[in-house]
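Read the structure below first, then the notes.
The values are calculated or read from the model by the stated rules, or taken from the named source; none is laboratory data. All figures in this text were calculated on a predicted structure; none of them were measured in a lab. Positions of Cβ are generated from backbone atoms using ideal geometry, with glycine treated the same way; all protein chains shown enter the neighbour counts.
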Amino acid sequence: MDKSPYARSFLDAGEAYERYRPGFPAAAVRLFAPEPVAGILDLGAGTGKLTRELAGLADTVVAVDPSEPMLAELRRICPDVEARIGIAEEIPLEDAAVDVVAVAQAFHWFDRDAACAEIRRVLRPGGVLALLWNVTDVDCAWDVACGRIAHPQLDGSVPDWREDPPMDDLPGFEPVRCGWVRWSEDLPRPDYLHRWATVSSMLVAPEAEQAERLARMADVLDADPGTRGRAVLRLPTATEVLVYRRADAR
């Protein structure tokens, strides 16, 4: 499948992405940045959903993203963070510039080998690469059902937080640890549906198809006893964290 149309769908979605997408729990950040460092890069930073959790953990935090509308939101929310236009395959930083590179909700859009080479270049020896994703909690049947409606091109499977997430072999990196952080938030029902409207498979769909999928999601919420008649939904989320270290010759 050609992922480029899905990746490009986010370029102009800054305001909606900031308003409706979830952030990341501090406990997830502690899995890869348990103590302050000199420099952190948030790569594919978007509107800064992760960046705001990183801001106090380094002398310098740099955010890189290819979307100016996304970075406009990030600059508004994180004015002390240096935000640069750029892509993972050509990171606008000098060699050995940072101690940690964090990638939240974005690594699957990258050209893996080219991005890994660039990430390794900008990391100092022994530096850490952290990959994060917020995913549907497998125990939440209504959110699982809505996710399958939103992403008809996927197989519908949901990772189970009771099992360690798999760690791929990344060129130039060694796996360090992996884990899950479970958390929840209260969301107004309209905001929950708007959130699904910001995912790539919805953004690339024709308007009529988007509306049809959202109507089916509303039907799910009306039918499930945990959400039926509720104006505010308690949404459980599982954050997957994969931690790698730059492989250096010994």
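Scanning the range 204-240 for residues that are without any contact (Cβ under 8 Å) to a residue 12 or more places away in the chain and either surrounded by 17 or more Cβ atoms within 10 Å (Cβ to Cβ) or closer than 30 Å to Leu131 by Cα (or both) gives a single hit, Ala205. Of all residues in the range 43-56, those that are in a loop (DSSP other than H, G, I, E, B), at pLDDT 95 or above and hydrophobic (A, V, I, L, M, F, W, C) total 2.
Give the range 69-87 a look and list any residue that's in contact (Cβ under 8 Å) with a residue 24 or more places away in the chain and either among the aliphatic types (A, V, I, L, M) or not in a loop (DSSP other than H, G, I, E, B) (or both), or say none. Talk me through it step by step, then tell me what you get.
First pass over the range 69-87, keeping only residues in contact (Cβ under 8 Å) with a residue 24 or more places away in the chain: 69-74, 77-78, 80-81, 83.
Matches in the range 69-87: Pro69, Met70, Leu71, Ala72, Glu73, Leu74, Ile77, Val81, Ala83.
Selection of the range 226-249 for residues being within 15 Å of Phe173 (Cβ to Cβ), part of a loop (DSSP other than H, G, I, E, B) and of a type outside the set (A, V, I, L, M) yields only Asp248. From the residues in the range 199-225 that are modelled with pLDDT under 95 and outside any helix (DSSP H, G or I), which one is nearest to Tyr20 (Cα to Cα)? Checked the range 199-225; the qualifying residue nearest to Tyr20 (Cα to Cα) is Val199.
Could you count how many residues in the range 126-157 are polar (S, T, N, Q), surrounded by fewer than 16 Cβ atoms within 10 Å (Cβ to Cβ) and either free of Cβ contacts under 8 Å to residues at least 60 places away in the same chain or not in a loop (DSSP other than H, G, I, E, B) (or both)? Steps first, please.
Here is the first cut: in the range 126-157, the residues polar (S, T, N, Q) are 134, 136, 153, 157.
Next, only the ones that are surrounded by fewer than 16 Cβ atoms within 10 Å (Cβ to Cβ) stay: 153, 157.
Subsequent filtering for residues that are either free of Cβ contacts under 8 Å to residues at least 60 places away in the same chain or not in a loop (DSSP other than H, G, I, E, B) (or both) retains 157.
The qualifying residues number 1.
Asp2 meets the conditions (1) among the acidic types (Asp, Glu); (2) modelled with pLDDT of 95 or more; (3) exposed (fewer than 14 other Cβ atoms within 10 Å of the Cβ); (4) closer than 29 Å to Trp196 by Cβ in every case but one. The failed one is (2).
The test for being without any contact (Cβ under 8 Å) to a residue 24 or more places away in the chain, part of a loop (DSSP other than H, G, I, E, B), more than 24 Å from Glu209 (Cβ to Cβ) and of a type in the set (D, E, K, R) holds for Asp160. When restricted to residues that are assigned to a strand (DSSP E or B) and surrounded by 19 or more Cβ atoms within 10 Å (Cβ to Cβ), the range 88-111 contains 7. Residues in the range 121-150 that are within 27 Å of Thr60 (Cβ to Cβ) and under 20 Å from the mean Cα position of the chain (by Cα): Val128, Leu129, Ala130, Leu131, Leu132, Trp133, Asn134. Working only within the range 182-197, note down all residues that are in contact (Cβ under 8 Å) with a residue 40 or more places away in the chain and of a type outside the set (Gly, Ala, Ser). Selection gives Arg182, Trp183, Glu185, Asp186, Leu187, Pro188, Arg189, Asp191, Tyr192, His194, Arg195, Trp196. The number of residues in the range 77-87 being small (Gly, Ala, Ser) and surrounded by fewer than 22 Cβ atoms within 10 Å (Cβ to Cβ) comes to 1.
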